[in-house]
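Just so it is clear, none of the values below were taken in a lab; they were calculated from the coordinates. Given the structure is predicted, the values throughout are model-derived calculations rather than measurements. Backbone-built Cβ (ideal geometry, glycine too); neighbour counts: all protein chains shown.
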Ligand code: FAD
């Protein structure tokens, strides 16, 4: 029951101000977001890579209000690519982007987001890596998929995310699996109405398995974005049934969540990519992590009370 309340708070400016200003917030935030700028994050990248893990990097931010902020977001990613270059990690360190941060919700936002994301995809390709477009709330997805298709004409490795909780996703998965795309499948992290999304956890899990089967049987590259032990085991089984080798799919998890499992899967020879977010505009990202697990909220509340 708490999840939807926290997700509603994630869109509230008043809550944003209150929570961002609380002195203990930072300690809890650090568990999920290991740095505020690119100088903090380069050692984290090195450390994860040294442990046999791969990365997808997210400069946190969303819901911007003017084109200058969108350009600043693009520049932050370009700086990140610059800093990754000497590490020579290639596709072991890719980028994840939210198109809302690149201006998608502003007037003329579709074209603006495309014009901001393209230079990031080009810069990534120059250092031998790629970009994945995150999935945000359902109203943004037609634009996201159109931008994905456009980018893939020049950069076929550009990936995208699909969310198992949405009714539309089985059809999206069939289309993407046939086009040979890189696709990250997640359960979905936004508050969506019953008119477009399953609300029941078990129904979402069943949809996840159906969609993952479609991706595994297709010609693309499935990326299993989940911490759920059952889905991870089913993912391995579906990959095996589809005759995929270990380098023909991958697992992805969020930084700070089930870290032992990251290392276990990597040690077993799986490609294991850690979604690593950093930056100062962490509020929306952090609140979605609280919503996913009520125990996080209890931990957060306890640290507020004991300070
Ligand atoms: P759950 O059933 O939620 O979790 C399974 C177990 O994992 C839990 O029992 C718990 O032990 C652990 N766990 C899960 N979440 C947390 C947490 N926050 N804190 C502590 N423990 C936790 N969603 C989108 O809508 N769009 C995206 O683009 C997107 N990208 C993602 C990228 C990656 C790599 C991952 C892993 C997730 C992404 N998500 C995205 C979030 C996703 O939609 C889910 O909200 C999130 O992954 C939780 O679902 P789960 O599959 O881990 O299963």
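With 0.36 nm allotted per residue and the present C-alpha distance subtracted, the residue 298-residue 195 stretch has 34.0 nm of extension available. Name the most mobile residue of 245, 187, 98, meaning the one with the largest mean-square fluctuation, in a Gaussian network model of the chain with Cα contacts below 10 Å. Per the Cα network of the chain with a 10 Å cutoff, 245 tops the list.
Beyond 17 Å, the tail of the calculated P(r) for segment 11-95 holds 57 percent of the Cα pairs.
Which one, 128, 61, 243, has the greatest fluctuation when you compute a Gaussian network model over the chain with C-alpha springs under 10 angstrom? Most flexible of the set in this elastic network: 243.
Once both labels are positioned 7 Å from their Cα atoms along Cα-to-Cβ, the gap between residue 259 and residue 26 label points is 2.0 nm. Of interest is the spacing of the C-alpha centroids, which for segment 154-199 and segment 6-35 amounts to 27 Å. For the chain, the relative contact order works out to 25 percent when only alpha carbon pairs closer than 8 Å and six or more residues apart are counted.
Panel order for 85, 153, by other beta carbons found within 10 Å of each beta carbon, from fewest to most: 153, 85. For a Förster distance of 25 Å, can you work out the FRET efficiency between the beta-carbons of residue 206 and residue 150, rounded to the nearest 0.05? That pair, residue 206 with residue 150, gives E of 0.15. Between 269, 52, 188, the residue with the greatest mean-square fluctuation in the GNM of the chain (Cα pairs under 10 Å linked by springs) is 269.
For segment 149-280, relative contact order (Cα pairs under 8 Å, six or more residues apart, normalised by length) works out to 20 percent.
Across segment 86-215, the mean sequence separation of Cα contacts (distance under 8 Å, 6 or more residues apart), normalised by length, yields a relative contact order of 21 percent. Treating each Cα of the chain as an identical point scatterer and summing with the Debye formula, the log10 of I(q)/I(0) at q = 0.10, 0.16 Å⁻¹ comes to -0.52, -1.54.
Residue exposure proxy: 298, 271, 244, ordered by other Cβ atoms within 10 angstrom of their Cβ from fewest to most, comes out as 298, 244, 271. Output the antiparallel fraction of DSSP beta bridges having both residues in the chain, as a percent to the nearest 5. For the chain, the DSSP antiparallel bridge percentage is about 5. Rounded to the nearest 500, the 222 nm mean residue ellipticity of the chain from helices alone is -16000 deg cm²/dmol, with -39,500 (n - 2.57) taken per DSSP H run of at least 4 residues. Sorted from longest to shortest, the spans of the Cα atoms of segment 166-210 along the three principal axes equal 30, 18, 15 Å.
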